[in-house]
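The values are calculated or read from the model by the stated rules, or taken from the named source; none is laboratory data. The structure presented is a predicted model; accordingly, all values stated were derived computationally and were not measured. Neighbour counts run over all protein chains shown; Cβ positions are idealised from the backbone, glycine included. Note: areas computed on protein heavy atoms with side chains; ligands, DNA, RNA excluded. Shrake-Rupley method; radii C 1.70, N 1.55, O 1.52, S 1.80 Å.
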Amino acid sequence: MALLKIAKMGNPILRKIAEPVSPKELETLEFQTFIDNMVETMRDSDGLGLAAPQVHVSKQVVVIESMENERYPDAPPIPLLVLVNPVFKYMSRETRTGWEGCLSVDDLRGKVTRSRAVKLEALDRNGETLVLEWEDFPAVVLQHETDHLRGHLFVDRMKDLSTLTHLDEFQKFWTRGEKDVREA
Ligand code: ZN
């Protein structure tokens, strides 16, 4: 396995619409190894999610994993999940607003408003269909990661840029009432 280089905001690959993965391509050893490398890169970066365009591959794949962590008591654990060609089937009109960070946007945090509940369909790494109906924090993670496949970053989703905050200042001024935020 190998660690992959993370593309940062400004790299055009982050703004492209990623291509779907064909069932044939998905089952190749090369693609399965790529998925393993994405997981390793996410864990090495202490991220809770990673999308293929963030590692310079414009394909519709994301990996998500959130371990139980006492620093993030509001973040329920999410077992390792590989999502291929994800599509939202439902996004609630009801919203929730929370801090987000991104491995492709160094040292910045910002408040983003997103749907509070979603239903998403995708393939797993074996090509089996997955249906997820998630709410609150896990639903936000799904939206953040799927956005990467459509060429969007969390900063695009901010209605009010006045909350865009450098990490040092975030930790100084905003983490008392708010929880720290992991990147995805
Ligand atoms: Zn991100």
Cα-based radius of gyration of the chain once divided by 2.2 N^0.38 Å, which approximates compact folds = 0.98
On the full set of protein chains, 1.4 Å probe, figure out the accessible area of Ile78 and give it in Å² to the nearest 10.
-> 10 Å²
With axes computed from alpha carbons, what is the tilt in degrees of helix 29-44 against the longest principal axis of the chain, rounded to the nearest 10 within 0 to 90?
-> 20 degrees
Distance (nanometres) between label positions extended 7 Å along Cα→Cβ at Lys24 and Met1 | 2.9 nm
Just the number, please: carbon plus sulfur as a percent of the accessible area of segment 61-174, 1.4 Å probe, no ligands or DNA/RNA counted.
-> 48 percent
Pairs from Lys119/Lys159; Lys59/Lys89; Lys5/Lys159; Lys59/Lys172; Lys8/Lys111 whose Cα-Cα separation, in the structure shown, is over 26 Å | Lys5/Lys159; Lys59/Lys172
Treating the angle as unsigned and between 0 and 90°, give the value, to the nearest 10°, between the Cα long axis of helix 136-149 and the longest Cα principal axis of the chain.
-> 60 degrees
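Could you compute the net charge surrounding Ser92? Neighbours are other residues with a C-beta less than 15 Å from the C-beta of Ser92; K and R count +1, D and E count -1.
With Lys, Arg at +1 and Asp, Glu at -1, the net is +2.
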Any residue on another chain or 5+ positions along whose placed amide H is under 5 Å from the amide H of Gly101 is listed here as Ala184
Rel. contact order, % - alpha carbon contacts under 8 angstrom, at least six apart, the chain = 25 percent
Between Lys119 and Lys172, with labels modelled 7 Å along Cα→Cβ, what's the label distance in nm to one decimal, could you check?
-> 4.7 nm
With a 1.4 Å probe and all protein chains in place, put Thr97, Thr163 in order of accessible area, largest first.
-> Thr97, Thr163
Roll a 1.4 Å probe over the protein heavy atoms and report the accessible area of Thr33 in Å², nearest 10.
-> 60 Å²
